[in-house]
Amino acid sequence: MNKQNNSIQSIIRHVNYTTIAALIAAMAAAGVDALQLPIWAMFIGWIAFFTRGLNINHTITNLVCVWIGITIGMIAGVVLKIIGPVFGAGALPIVVFVVGMLVISLRSAPKINNLLCYFLGLVSFFASHYTPSIDNFLALSAAVTIGSFAGLTSSLLQNIILFKTKG
């Protein structure tokens, strides 16, 4: 009988975890949509949250790396426009090489060394097809930040549920 109770508790915990994540994601998506920000960028923030430790310190560090990645992507976009006419089809590989060297070398940076989050920032910028600007940086950064804090909120609430159902 105890084994059956454990199975039922495990199912209930799983449903609670899933429900919390889905509700937080839905609220984050609604908020991002209301702010007219890209919803997919909110999910990039959610993914960034899960790349390292599930706490506030790692959340901030991950976000800084994503924001830097967005910034590097925007700079790369500007450089492409400048050197494109000169180097033609060779401009893209040149810029990608330089960006790759920079981003991959940042894996050795103290504290802000989350390579995955740098690439998520680059993906955010290039997937957006936005022109480099402060407004577009803020839009992407806001959506990503909301997603990361949604992930943190979900994780914290799930831990509360886990504590209550085990205790």
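The values are calculated or read from the model by the stated rules, or taken from the named source; none is laboratory data. All values reported here derive from a predicted model rather than from experimental measurement. Cβ atoms come from the backbone with ideal geometry, glycine included; neighbour counts cover every protein chain shown.
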Quiz item: Exactly one of (1) crowded, with 17+ Cβ neighbours inside 10 Å; (2) under 23 Å from the mean Cα position of the chain (by Cα) is unmet by ALA91. Its number?
Solution: (2)
Quiz item: What are the residue pairs meeting all of these: first residue in the stretch 2-15, first residue in contact (Cβ under 8 Å) with a residue 24 or more places away in the chain, second residue in a helix (DSSP H, G or I) and surrounded by 10 or more Cβ atoms within 10 Å (Cβ to Cβ), Cβ atoms under 8 Å, and 6 or more apart or on different chains?
Solution: GLN9/THR165; ILE12/THR165; ARG13/ILE161; ARG13/LEU162; ARG13/THR165
Quiz item: Can you pull out the residues in the stretch 103-121 that are surrounded by 14 or more Cβ atoms within 10 Å (Cβ to Cβ) and not β-branched (Val, Ile, Thr)?
Solution: LEU106, ASN113, ASN114, LEU115, LEU116, CYS117, TYR118, PHE119, LEU120, GLY121
Practice problem: Evaluate the following for ASN62: is it of a type outside the set (Val, Ile, Thr), modelled with pLDDT under 95 and under 25 Å from ASN159 (Cα atoms)? | Solution: no
Exercise. Name the one entry in ASN113, ASN159 that is on the phi < 0 side of the Ramachandran plot, without any contact (Cβ under 8 Å) to a residue 60 or more places away in the chain and touching a Lys or Arg at 6+ places or on another chain (Cβ under 7 Å).
Key: ASN113
Exercise. Mind listing whichever residues of the stretch 18-38 are in a helix (DSSP H, G or I), surrounded by fewer than 17 Cβ atoms within 10 Å (Cβ to Cβ) and either in contact (Cβ under 8 Å) with a residue 40 or more places away in the chain or among the hydroxyl-bearing types (Ser, Thr, Tyr) (or both)?
Key: THR18, THR19, MET27, GLY31
